[in-house]
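Below you'll find the structure, written out as structure tokens, and then a few comments.
Just so it is clear, none of the values below were taken in a lab; they were calculated from the coordinates. Being a predicted model, the structure only gives us computed values, none of them experimental. Ideal geometry is used to build each Cβ from the backbone, glycine not excepted, and the neighbour counts take in all protein chains shown.
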Amino acid sequence: MEYKICLSKTTVIFYALLCLIIVYASIANLLSIIDGTGNVIGLGAFSLGGFVLLPLMVFFTYRNNLCTVKADGVKIGKHFYPLASYQFSIVEYKVAFKDRPLFSLLKKTKETFIVKRKGEQQVYFQEDLAIFNRDIKKLKEAIQQFN
């Protein structure tokens, strides 16, 4: 069994929606410059950001936070952590109202995915999970199944 999940799913969704708006505005900006009705100064940064940089940022954010849980280990981005050598856990902690992210003010708890080498206390990978609750439950079940 193999389970794949992006560890920053809500961030990727937010930037993907933002990307659609900016790509549309970049196309409108570029077409107005081609027509001769637009301002040439606005071409550079806005069009480059809309057509190239923002879609690339969404793609690389997804790719670098892709977590694959397999029977022999966990792969996060390009790094592979074998089950024989590493211990995986999801730690839940409460967050004060002033420290909560703007888009999840009502969420009182935050989860962190932690990878440690067995027999040591050194943390090799730690990341706050920006995913939905059902995905956190599925990830916990997959980790418990293989630990």
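Here are some notes:
- Here the Kirkwood formula, the inverse mean of 1/r across different C-alpha pairs, assigns the stretch 71-146 a hydrodynamic radius of 13.7 Å.
- Note on LEU31 and ALA71: the model spin-label points, each 7 Å out from Cα along the C-beta direction, lie 5.3 nm apart.
- Rounded FRET efficiency, nearest 0.05, which uses the C-beta distance separating VAL123 from PHE14 and R0 of 41 Å: 0.90
- Extension gain from LEU53 to LYS78, taking 0.36 nm per residue of separation minus the Cα-Cα distance: 6.8 nm
- Segments 108-119, 88-99 sorted - mean Cβ within 10 Å per residue, highest first: 108-119, 88-99
- Helix 9-35 axis versus longest C-alpha principal axis of the chain: approximately 10°, rounded to the nearest ten.
- In the set (i) 53; (ii) 32; (iii) 38, the label that goes with percent of Cα pairs over 28 Å apart computed for this structure is (iii).
- Each stretch of four or more DSSP H residues adds -39500 (n - 2.57); spread over every residue of the chain, this sum gives -12500 deg cm²/dmol at 222 nm.
- Listed by Cβ neighbour count within 10 Å, with the fewest neighbours leading, LEU18, LEU30, LEU54 appear as LEU18, LEU30, LEU54.
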